[in-house]
Amino acid sequence: MGLFGKSRNRAKAPEGKRIYAVGDIHGAADLLDHLIEKIDKDAGGLDQAQLIFLGDYVDRGPDSKGVIERLVALQKKYKDAVFLKGNHEAVMLDFLSDPEAALEWLEWGGDQTLRSYGVAGALTKSGDVLSAALAKALPKSHRDFLRGLTIKHRAGDYLFVHAGVRPGVAIDDQDEDDLMWIRKPFHDAPENKRPDVTVVHGHHPTKKPVDAGWRIGVDTGACWSGVLTAVCLDGDKRKFIST
């Protein structure tokens, strides 16, 4: 079996494990609550499921703080849950450490994240002032959660990342920026450059979830569409669950 070009028609999750991978939440805490309820019902209890969150929890939607609060609680309760870092979390952390170098975060929905933490004046105050105010408002549990996010996760024949992978590059050699940011080169990867796993990702919003065989996209633009999606992987079966 080579590194690239494997057939993925029979990709399998680990035996005895039902995985639910959740797409980009972007501050939609109410939709997260709704989707978790649906997953709970589908799995017959969350103890029967492994939750994997694909990143982009903050920005754009109205309640980034509420989303992080819920994810922190899930992390404490379900030790095998996986929380990936999205590009929005990466830039939020950059803003906390070097605000003047990451001011673009405010234009990508960071202003709404600031408001959810009670920080006003995104359009009138300097980056240094806003960063200091956010650092003060951010609970330690939220800061620890953001700093502890992982970049990729492998389970069975599936690889979970936020954005995708660089075609033709071995999984262990992938650049972290590509895993969080890549779009077109990944989506348009020729068959002989695709990875030897089925990639489950978010990052690129679509009206409906995408199952292209070799990749599965579950970002359905929750903050705009009102639809938050997860893919359920159980053996060699997969299905989508949406709000």
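The values are calculated or read from the model by the stated rules, or taken from the named source; none is laboratory data. Since this is a predicted model, take the numbers as computed values, not measurements. Every residue, glycine among them, receives a Cβ derived from its backbone with ideal geometry; neighbour counts consider all protein chains shown.
Screening region 21-60 for residues that are β-branched (Val, Ile, Thr) and surrounded by fewer than 24 Cβ atoms within 10 Å (Cβ to Cβ) and picking the one that is nearest to the chain's Cα centre (by Cα) gives Ile52.
The combined condition, being at pLDDT below 95 and outside any helix (DSSP H, G or I), is not fulfilled by Gly61.
Among the residues of region 198-226, those that are farther than 19 Å from Arg154 by Cα and in contact with a helix residue (DSSP H, G or I) (Cβ under 8 Å, 6 or more places away or on another chain) comprise His204, Pro205, Lys207, Ala222, Gly226. Only one of the listed residues (His142, His187, His162) is modelled with pLDDT of 95 or more, under 13 Å from the mean Cα position of the chain (by Cα) and under 26 Å from Thr243 (Cβ atoms). That residue is His162. Only one of Arg10, Arg18 is surrounded by fewer than 24 Cβ atoms within 10 Å (Cβ to Cβ), touching a Cys at 6+ places or on another chain (Cβ under 9 Å), basic (Lys, Arg) and closer than 17 Å to Val231 by Cβ; which? Of the residues listed, the single one that is surrounded by fewer than 24 Cβ atoms within 10 Å (Cβ to Cβ), touching a Cys at 6+ places or on another chain (Cβ under 9 Å), basic (Lys, Arg) and closer than 17 Å to Val231 by Cβ is Arg18.
Scanning region 147-184 for residues that are of a type outside the set (A, V, I, L, M), within 20 Å of His88 (Cα to Cα) and without any contact (Cβ under 8 Å) to a residue 40 or more places away in the chain gives Arg166, Gln174, Asp175, Glu176, Asp177, Asp178, Arg183, Lys184.
If you filter region 209-219 down to residues that are of a type outside the set (A, V, I, L, M, F, W, C) and under 12 Å from the mean Cα position of the chain (by Cα), you find that the one that is farthest from Asp24 (Cα to Cα) is Gly217. Checking Gly109 against (1) under 18 Å from Ala222 (Cβ atoms); (2) out of contact with any helix residue (DSSP H, G or I) (no Cβ under 9 Å at 6 or more places or on another chain), which test does it fail? Of everything listed in (1) under 18 Å from Ala222 (Cβ atoms); (2) out of contact with any helix residue (DSSP H, G or I) (no Cβ under 9 Å at 6 or more places or on another chain), Gly109 misses just condition (2). Annotation for region 225-235: at least one member residue is surrounded by fewer than 20 Cβ atoms within 10 Å (Cβ to Cβ), at pLDDT 95 or above and among the acidic types (Asp, Glu). Only one of the listed residues (Ile19, Ile36, Ile25, Ile68) is within 24 Å of Arg238 (Cα to Cα) and in a helix (DSSP H, G or I). That residue is Ile36. Checked against (1) within 20 Å of the chain's Cα centre (by Cα); (2) part of a loop (DSSP other than H, G, I, E, B); (3) under 25 Å from Asp98 (Cβ atoms), Lys125 passes all but condition (1).
Look at region 56-68: where a residue is among the polar types (S, T, N, Q) and a partner is buried (at least 24 other Cβ atoms within 10 Å of the Cβ) and assigned to a loop (DSSP other than H, G, I, E, B), sitting 6+ places away or on another chain with Cβ atoms under 7 Å, you get Ser64/Gly27; Ser64/Tyr57; Ser64/Val58.
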